[in-house]
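The values are calculated or read from the model by the stated rules, or taken from the named source; none is laboratory data. Since we're looking at a predicted model, the values are computed, not measured. For neighbour counting, all protein chains shown are included, and Cβ atoms are generated from backbone atoms with ideal geometry for every residue, glycine included. SASA here: full protein model, heavy atoms, side chains in, ligands and nucleic acids out. Shrake-Rupley method; radii C 1.70, N 1.55, O 1.52, S 1.80 Å.
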Amino acid sequence: MPARNLAAIDLGTNSFHLIIVKVKPDGSFESLGKEKDSVRLGSGAGLTDVITPDATNRGISCLERFQKLANVQNAEIRAVATSAIREAKNKNEFIHRVESELGIRIEVISGYEEARLIYFGILQGLQVFDKKVLAIDIGGGSTEVSLGYQGNLLFAQSLKIGAVRLTDKFFNGDPIENSDVLQCKMFVQSMLTPLRKPLEEIGNDIVIGSSGTIQAIAQMIIAMKKEEPPRILSNYSFSQQDLKRLREVIDDANTLKKRTKIPGMDTKRADIIVAGSIILEEIFNKFNIKTMTVSDFALREGIILDTIKQWEDRGAPEDNLNNIRFKSVMNLFNAFPYEKGHVEHVTRLSKKVFDDLLSLHRCPLVAREYLFAASMLHEVGFGISHSSHHKHSAYIIRNSEILAGYNYDEVEIIALTARYHRKSIPKSKHSEFVRLSPENQALVKKLAGILRITDGLDRSRQSTITSIRAEVVKDKVNFFVKTKEDSDSTVEIWSANQKKDLFEAVFAVKCNFMIEKSY
């Protein structure tokens, strides 16, 4: 892999973060610079409502500055959005404006994916690969809790409790009332309770905290204890008792003015530190944490590692067991292993057709991954219902937290490709399809067109069609199929002809199916 520069942008609820790195040929990287800006994208309108015009302007101004810094280093940009954008009703408008004005494509990731990337980021900063790591990351809109061991995620959960979110919910007055603090604590406890048992069953060797709130609390504890500030916070540890004492200091400072005077306080966080510190204290109490170690590395570094892995895996066979996306698809399939033989057979046919028709469909190579995933998962909906299993398959794919390594757009492409493998083709009244960008709508049509034909070619579920070869001849696509000896493929050919409508429409060709003799 050639050396190249990469810029990772984390679009958080409270702050936007940038890291620019030089990626070396061996896959390692060194930092060329970091920046952050307190954008407060999730403040002012409620996290589940909209991104306000002022917040949008702050976000774009920040991203423009980050882009200039990346351009100076000739760095490719990967921008990932979390809670505030993930939940905003007008997220598409914000994303479109950023892309149209700056040319930056924003990936919206799930809470599970955020937790996964944070864990991988932590692994880059601390020597904890061989330990069971309980990772806690308190953001502005959500808190990510993950437990990993040797690079494998054993547990991950994203909770809608963040420092900005709970400040908006409980602490709108100044001074802060004791009753508000109590209500906030009870709310956080209710959110954490379901996680206690599974985390206790797995256990951990070390607890690591990352990102702004925890780093700010660590700085305040250092100041409170009159310790010499470390050059970097990574590997600094504080105890449950340290946190308890700091919480008492924060509660005593019941006005914003008083909190800004607390030693070690980041004044930009003075208004949200009450909620953030309550979240952390209740996590310590609920999960019986005695000591937490701080990590300077988090989501940004996880994005860097994930991108490097994508570069390394691009073009590799999708059965590469180091490929997190492949493993996540197989995990979801194994959770709903319906029609296993049929699914695997259709997947083989789909990949062959995709490869044979590269000159026709002109899809990017990553689309082969999407087609693989949709083919493997197109029948998982049988676990809910037979008659509308294509719709249920899309629902399961869309809402599963097992799929790792994919952003929201990619999950939606896979879900809709699986959804359109039978029955209706994409229509303007299908809201999920219409919400896709025009480019992704076209991609879904192409991939679903292929999947409909290959699914039709195994109508009997007997793998009667043993192989397929597709070639383009002017305005026709000829599919040459070989069949099992002494088998009747009439039903398969009939079914493929019934399901070729989308393929013919999207590629403006006619399809012919011909049987070749096996020798």
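Laid out as a table, the results:
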{"read-out": "Between 0 and 90°, nearest 10: helix 91-102 axis offset from the chain longest Cα axis", "value": "90"}
{"read-out": "Amide H within-cut-off set for residue 155, under 5 Å, with H built and near neighbours excluded", "value": "147"}
{"read-out": "Cleavage-rule hits, GluC sites (Glu not before Pro), the range 49-95, DSSP coil, Cβ neighbours within 10 Å at most 11", "value": "none"}
{"read-out": "The chain, accessible area per residue, ligands and nucleic acids excluded (1.4 Å, Å²)", "value": "44"}
{"read-out": "Residues whose placed amide H lies under 5 Å from that of residue 90, excluding near-sequence neighbours", "value": "51"}
{"read-out": "Extension gain (nm, one decimal) between residue 512 and residue 28, 0.36 nm per residue minus Cα-Cα", "value": "169.3 nm"}
{"read-out": "Solvent exposure ordering (accessible area, 1.4 Å, most first) of 494, 311", "value": "494, 311"}
{"read-out": "Zone of residue 469's modelled label, taken as backbone nitrogen in the range 328-356 under 14 Å from a point 7 Å along Cα→Cβ", "value": "353, 356"}
{"read-out": "Whole-Hz ³J(HN,Hα) from phi, Karplus 6.51 cos²θ - 1.76 cosθ + 1.60, for the range 392-409, glycine and proline x", "value": "5, 4, 4, 4, 5, 4, 5, 9, 6, 9, 6, 5, 10, x, 10, 8, 4, 4"}
{"read-out": "Nearest-20 debye value, the chain charge dipole, Cβ charges on Lys, Arg, Asp, Glu", "value": "600"}
{"read-out": "Loop-resident sites, the range 26-124, for trypsin sites (Lys or Arg not before Pro), counting at most 14 other Cβ within 10 Å (DSSP)", "value": "89, 105"}
{"read-out": "Phi-based couplings in Hz for the range 364-375 (Karplus 6.51, -1.76, 1.60; Gly and Pro marked x)", "value": "x, 4, 4, 4, 5, 5, 5, 5, 4, 5, 5, 5"}
{"read-out": "Cut-off under 5 Å, modelled amide H: who pairs with residue 477 long-range", "value": "510, 511, 512"}
{"read-out": "Accessible surface of residue 434 - all protein chains present, 1.4 Å probe, nearest 10 Å²", "value": "70"}
{"read-out": "Normalised contact order of the chain, rounded percent, pairs of Cα under 8 Å and 6 or more residues apart", "value": "11"}
{"read-out": "DSSP-defined antiparallel bridges as percent of all bridges, the chain, nearest 5", "value": "60"}
{"read-out": "Over the chain: helical MRE at 222 nm, DSSP H runs n ≥ 4 each giving -39500 (n - 2.57), nearest 500", "value": "-15000 deg cm²/dmol"}
{"read-out": "Beta bridge orientation in the range 14-126: antiparallel %, DSSP, nearest 5", "value": "75"}
{"read-out": "Tilt relative to the chain, helix 340-356 - C-alpha long axis, 0 to 90 degrees, to 10", "value": "80"}
{"read-out": "Whether the chain is rounded, prolate or oblate, judged on the alpha carbon gyration tensor where a/c under 1.5 counts as rounded", "value": "prolate"}
{"read-out": "Nitroxide proxy distance, nm - points 7 Å out along Cα→Cβ at residue 248 and residue 334", "value": "5.0"}
{"read-out": "Solvent-accessible surface ranking, highest first, for 338, 406 at 1.4 angstrom", "value": "338, 406"}
{"read-out": "Local net charge near residue 293, Cβ-Cβ under 14 Å (Lys/Arg +1, Asp/Glu -1)", "value": "-1"}
{"read-out": "Cα-centre dipole for the range 291-408 with unit charges at Cβ (Lys and Arg positive, Asp and Glu negative), debye to 20", "value": "280"}
{"read-out": "Computed lengthening from residue 193 to residue 224, 0.36 nm per intervening residue step minus Cα-Cα distance", "value": "8.1 nm"}
{"read-out": "The range 245-279: trypsin sites (Lys or Arg not before Pro) falling in loop per DSSP and having at most 16 other Cβ within 10 Å", "value": "261"}
{"read-out": "In Hz, Karplus ³J(HN,Hα) per residue of the range 488-497 (6.51, -1.76, 1.60; θ = phi - 60°; x = Gly, Pro)", "value": "10, 9, 4, 5, 5, 5, 4, 5, 4, 5"}
